[in-house]
Amino acid sequence: MPKLTPQELHNLAMNIVGKDLEDHGYEFLGVNSKLKRNPQFVALKDKGLHFIIVRAIEYPDDPKAFDPVFMKDIKDHAQKFNAKTFYAGVGLANSKNYENPITSDEDYVVNYAGWIEF
């Protein structure tokens with residue numbers, strides 16, 4: 001049972017958020033799935049530019065909690081482009097036992113409530 005790497009968890013979160021953005025009519029101008037590269041999505045909707053930060057958050061950490069200093073830096077950067085800034089935390093846990101790591105051969109539970117404008 002190989003534990004998912006931080007990059008694999010991040011990719012999983014990116015897929016969840018990306019599908020949600022597509023379902024809400026966002027058009028992707030840029031996608032960056034590398035860890036520590038921000039923003040993850042630069043998207044367009046209703047002629048407005050949006051920067052979306054995606055984080056994979058493992059149980060028991062709160063997927064809605066974010067670093068306000070980091071988000072302010074992203075918001076300041078986004079404002080140079082007249083863009084709105086959003087945070088999308090995706091909580092992930094092993095479905096059999098939340099205390100166990102998330103592995104490639106077991107189901108997982110998602111705690112995702114959408115993106116939050118910052």
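Throughout, read-outs are computed from the coordinates displayed, never taken from laboratory work. Treat the numbers as computed from the prediction; the structure is a model and nothing was measured. No Cβ is skipped: glycine too gets one built from the backbone with ideal geometry, and neighbour counts run over all protein chains shown.
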- C-alpha center-to-center spacing [the stretch 55-88, the stretch 94-108] in angstrom: 26
- Task: Compute the long axis of helix 68-79 from its Cα atoms, compare it with the longest principal axis of the Cα atoms of the chain, and write down the angle in degrees, 0 to 90, nearest 10.
- Result: 40
- Item | Crossing angle, helix 6-23 versus the chain [Cα axis fit, 0-90 degrees, rounded to tens] | 50
- Item | Listed pairs Lys72/Lys96; Lys34/Lys84; Lys34/Lys96; Lys47/Lys72 exceeding 26 Å between Cα atoms | Lys72/Lys96; Lys34/Lys96
- Item | Charged-residue dipole, Cβ positions (Lys, Arg, Asp, Glu), the stretch 6-117 about Cα centre, Debye nearest 20 | 600
- Highest-first arrangement of 16-26, 61-71, 84-94, where packing means the average Cβ count within 10 Å: 84-94, 16-26, 61-71
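Could you please tell me the mean projected area of the C-alpha convex hull for the chain, averaged over all directions and given in square nanometres to one decimal?
Details: hull surface 28.6 nm².
Answer in nm², one decimal: 7.2.
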- Query: Which whole-number percentage describes the relative contact order of the chain, with Cα contacts under 8 Å and a sequence gap of 6 or more?
  - Reply: 25
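How large is the helix-only mean residue ellipticity at 222 nm for the chain, computed as the sum of -39500 (n - 2.57) over DSSP H runs with n ≥ 4, divided by its residue count, in deg cm²/dmol to the nearest 500?
On the way: 2 runs with 30 residues, N = 118.
Dividing the helical sum by the residues of the chain leaves -8500 deg cm²/dmol.
For Ala113 and Ser95, calculate 0.36 nm times their separation in residues minus their Cα-Cα distance, and state this gained length in nm to one decimal. Walk me through the intermediate numbers first.
Values: separation 18, 0.36 × 18 = 6.48 nm, distance 1.79 nm.
Here the segment from Ala113 to Ser95 would lengthen by 4.7 nm.
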- Message: For Glu58, what residues show an amide H to amide H distance below 5 Å, using hydrogens built from the backbone and excluding near sequence neighbours?
- Response: Leu92
- Task: Taking H placed 1.01 Å from N in the peptide plane, check which residues at least 5 places from Lys84 or on another chain put their amide H under 5 Å from its amide H.
- Result: Leu49, His50, Phe51
- Item | Chain lengthening between Glu22 and Phe70 when straightened (0.36 nm per residue, less Cα-Cα) | 14.7 nm
- Message: Apply the Karplus curve 6.51 cos²θ - 1.76 cosθ + 1.60, θ = phi - 60°, to the phi angles in the stretch 35-45 and return the couplings in whole Hz, x for Gly and Pro.
- Response: 4, 6, 10, 10, x, 6, 10, 10, 10, 10, 8
